[in-house]
Amino acid sequence: QVQLVESGGGLVQAGGSLRLSCAASGSIFRIYAMRWYRQAPGKQRELVAATASGGSSDYADSVKGRFTISADNAKNTIYLQMNSLKPEDTGVYYCNADLSEVFAGIPKSYWGQGTQVTVSS
């Protein structure tokens, strides 16, 4: 059974930094992509950053230049370094992964439980 576990959230003042981690564990054959989403109170979940197995990455316009997604493929872990945080970055941050559990298996999407990030003004 696959699990995604996020960590690193917390309370920080505007302008500060946090580093989130997401570790995938269990029966994993191949990870195709991993992403960070966030959901603010009363708003829809939105994509923040994504990284694919080939090393490419993409960001929401609102976080470009401030957030950096990285991966440690040996550990099946991704990170989100968040700098120059703003109050509007507040929300629950979720990790998402597209992966297959067996050779030639159809990739499935998995979600972590989320970690709260609160940025005070």
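With respect to the stated conditions, residue 44 is at pLDDT 95 or above, outside any strand (DSSP E or B) and surrounded by fewer than 19 Cβ atoms within 10 Å (Cβ to Cβ). Filtered by the rule that a residue be at pLDDT 95 or above and either hydroxyl-bearing (Ser, Thr, Tyr) or under 16 Å from residue 110 (Cα atoms) (or both), region 50-75 gives 50, 51, 57, 59, 62, 68, 70. Can you pull out every residue in region 1-41 that is in a strand (DSSP E or B), closer than 19 Å to residue 71 by Cβ and more than 12 Å from the chain's Cα centre (by Cα)? 3, 18, 25, 30, 31, 32 - these are the residues of region 1-41 that are in a strand (DSSP E or B), closer than 19 Å to residue 71 by Cβ and more than 12 Å from the chain's Cα centre (by Cα). Filtered by the rule that a residue be open to solvent by 60 Å² or more (accessible area, probe 1.4 Å) and either touching a Gly at 6+ places or on another chain (Cβ under 7 Å) or farther than 28 Å from residue 105 by Cα (or both), region 18-38 gives 19, 29. The residue of region 74-121 that is farthest from residue 61 (Cα to Cα), among those that are of a type in the set (Gly, Ala, Ser), surrounded by fewer than 15 Cβ atoms within 10 Å (Cβ to Cβ) and touching a residue at least 12 places away in the same chain (Cβ under 8 Å), is 105. Residues in region 47-66 that are within 14 Å of residue 34 (Cβ to Cβ), open to solvent by less than 40 Å² (accessible area, probe 1.4 Å) and either touching a residue at least 24 places away in the same chain (Cβ under 8 Å) or of a type in the set (Ser, Thr, Tyr) (or both): 48, 49, 51.
For region 91-121, the candidate set comprises residues that are more than 19 Å from residue 73 (Cβ to Cβ) and part of a loop (DSSP other than H, G, I, E, B); within that set, the residue that is modelled with the lowest pLDDT is 104.
The values are calculated or read from the model by the stated rules, or taken from the named source; none is laboratory data. Keep in mind that this is a model prediction, so the values were computed, not measured. Please note: Cβ atoms are built from the backbone with ideal geometry, for glycine as well, and neighbour counts cover all protein chains shown. The area values use the complete protein model at the heavy-atom level, side chains included, leaving out ligands, DNA and RNA. Shrake-Rupley method; radii C 1.70, N 1.55, O 1.52, S 1.80 Å.
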